[in-house]
Amino acid sequence: MLGRVRNALALAPTPPVTVERAYRTGRALPAAERLDLFVDRLVDYRAEVHTCVTADTAATVARVLRERGARTVGVPAGLDPAWLAGFDGTVHTDSPDVPAPQLDALDGVVTASAVSCAETGTIFLDGSAAQGRRALSLVPDLHVCVVDLSTVEAGVPEALARLVPTRPTTLISGPSATSDIELERVEGVHGPRTLDVIIRTDA
């Protein structure tokens, strides 16, 4: 069957395709409005939001992990170790040699982020050193993600413009969730059941 489809496509003319790019771009919001909108969307997705200044990053991370009962956490190799300075549990630095199933033994993971979209409440991870591989942010049941307010854009086009297209991008809009045929919400099916977002308002 696929062979017949390929043959038909080979015989059919290929008209030029023009992709419309007339969507809105260049939108901007004051920092306070971006923060309020981003927090509103995150809370709507059932994420827990915490705000702090850069100097309080370690204390905030430690508090969130303590409140979640996390004693063993994973971190990407490039994460600033100062962020975990206040955490008295066990920290495992991830590497490609660690099989993905072993990540399920972690109580949670702490990562940075690349960029976020206030309008949709979406956080983008691009696999860079402080964010780690996709498995690290998807397998553990708790994800603590640090977001700098300066990386939060108003809309999707503005956020995408800050990403490198060739990098592996993971989009996070709240904890992993789905609904069955009865519309019963089930969390933690395709990723972390719990998402804590720490927004650094002066970074």
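Quick one: would you say residue 19 is among the aliphatic types (A, V, I, L, M) and crowded, with 17+ Cβ neighbours inside 10 Å?
no
Quick check on my filter: what residues within region 81-102 are touching a helix residue (DSSP H, G or I) at 6+ places or on another chain (Cβ under 8 Å), assigned to a loop (DSSP other than H, G, I, E, B) and either without any contact (Cβ under 8 Å) to a residue 24 or more places away in the chain or of a type in the set (Phe, Trp, Tyr) (or both)?
Scanning region 81-102 gives a single hit, 87.
For region 121-132, enumerate the residues that are in contact with a Lys or Arg (Cβ under 6 Å, 6 or more places away or on another chain) and either closer than 19 Å to residue 97 by Cβ or open to solvent by 10 Å² or more (accessible area, probe 1.4 Å) (or both).
Residues of region 121-132 that are in contact with a Lys or Arg (Cβ under 6 Å, 6 or more places away or on another chain), as a first pass: 121, 126-127.
Result: 126, 127.
Hey, could you check region 163-203 for residues that are at pLDDT 90 or above and of a type in the set (Lys, Arg) and say which is nearest to residue 68 (Cα to Cα)?
Taking the candidates together, the pick is 193.
Considering every residue within region 94-114, establish whether at least one is touching a Cys at 6+ places or on another chain (Cβ under 7 Å), at pLDDT 95 or above, among the aliphatic types (A, V, I, L, M) and under 23 Å from residue 81 (Cα atoms). Spell out how you get there, then give the answer.
Applying the first criterion (touching a Cys at 6+ places or on another chain (Cβ under 7 Å)) to region 94-114 yields 111, 113.
Right, trim to at pLDDT 95 or above and you get 111, 113.
Okay, now just the ones that are also among the aliphatic types (A, V, I, L, M), so none.
No, the conditions are met nowhere in region 94-114.
Is there a residue in region 4-16 that is outside any helix (DSSP H, G or I) and within 30 Å of residue 153 (Cβ to Cβ)?
No, because not a single residue in region 4-16 is outside any helix (DSSP H, G or I) and within 30 Å of residue 153 (Cβ to Cβ).
In region 37-60, what residues are assigned to a helix (DSSP H, G or I) and out of contact with any Cys (no Cβ under 9 Å at 6 or more places or on another chain)?
37, 39, 40, 42, 43, 44, 54, 55, 56, 57, 58
The values are calculated or read from the model by the stated rules, or taken from the named source; none is laboratory data. These figures come from a predicted structure and were not determined experimentally. Note that each Cβ is placed from the backbone with ideal geometry, even for glycine, and that neighbours are counted across all protein chains shown. The protein model used for the area step is the full one, side chains on, heavy atoms only, and it has no ligands, DNA or RNA in it. Shrake-Rupley method; radii C 1.70, N 1.55, O 1.52, S 1.80 Å.
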